[in-house]
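See structure below.
Quick note: the coordinates plus some simple rules give every number you see, no bench work behind them. Given the structure is predicted, the values throughout are model-derived calculations rather than measurements. Heads up, the Cβs are rebuilt from the backbone with ideal geometry, glycines too, and the neighbour counts pull from every protein chain shown.
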């Protein structure tokens, strides 16, 4: 299979690409549809009841696994190589622990409004980029999970799929880059639009 990558997407390395579970997939479009069906199962699991202890590495791994366990053998396992974005593989665990601790502090102390907590968590999780693929989708879903746990509505994240190339995806990438500089206003506005 030949993979195509949109702007801001992380290319697969050969080892990760060889771990595709369904052997009938031949195109990027088929892969995207298969992954989306897998993600819908994870969403039903997540939003079927209130969850506790969501700000943990174990929970993040469990959700990534639920999102991609019918697609990739490495679902729920940290990447083992450097990618075009993200911390070094050996820093993933400590960076995730710091993110979870920070987010718990934000929640406990109401440091930010709920939507901003979700957006900041999302941005930091994307920046850490713990998995070979699916980091953006996981990060948005984790942001929504935080909101759900705080009895708030999910974010719209631009209202369309951010997997395929579009003006909305370009705007999302631009907002992420602004957040990289410490400016979260555009990403927050995008997330609630």
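Residue separation of residue 193 and residue 56 scaled by 0.36 nm, minus their Cα-Cα distance, works out to 46.5 nm of gained length. How would the range 108-193 be classified by its alpha-carbon gyration tensor: rounded, prolate or oblate, with rounded meaning a/c under 1.5 and the a/b versus b/c comparison settling the rest? The shape class here is rounded.
Relative to the longest principal axis of the Cα atoms of the chain, helix 57-68 runs at roughly 40 degrees.
Gain on full extension, evaluated as 0.36 nm per residue between residue 177 and residue 29 minus their Cα-Cα distance, stands at 50.6 nm.
Report, to the nearest 10°, how far helix 92-109 tilts away from the longest principal axis of the Cα atoms in the chain, using its own Cα long axis and a range of 0 to 90°. Approximately 30 degrees, to the nearest ten.
Taking the longest Cα principal axis of the chain as reference, the axis of helix 28-46 is set at about 40 degrees.
Sorting 142, 67 from the fewest to the most surrounding beta carbons within 10 angstrom yields 142, 67.
At 222 nm, what helix-only mean residue ellipticity would the chain give, in deg cm²/dmol to the nearest 500, using -39500 (n - 2.57) for each DSSP H run of four or more?
-17500 deg cm²/dmol
Put a dot 7 Å past the Cα of residue 167, heading toward its Cβ, do the same for residue 43, and the two dots end up 2.4 nm apart.
Given a cut-off of under 8 Å on Cα pairs at least six residues apart, what relative contact order in percent is computed for the range 14-192?
Reported as a whole number, the value is 19 percent.
Neighbour counts of other Cβ atoms within 10 Å put 56, 145, 83 in the fewest-to-most order 56, 83, 145. Going from the fewest other Cβ atoms within 10 Å to the most, the residues 178, 167 appear in the order 167, 178.
Stretching residue 112 away from residue 13 to a fully extended chain increases their span by 31.9 nm, per 0.36 nm per residue minus the current alpha-carbon distance. Kindly identify the range 55-94 as rounded, prolate or oblate by the Cα gyration tensor criterion: order the square roots of the eigenvalues as a ≥ b ≥ c, call it rounded if a/c is under 1.5, otherwise compare a/b with b/c, prolate if a/b is larger, else oblate. It comes out oblate by the Cα gyration axes. For the chain, the normalised intensity computed at q = 0.13, 0.15 Å⁻¹ comes to -0.66, -0.91 (log10 of I(q)/I(0), Debye sum over alpha carbons, equal scatterers, no solvent).
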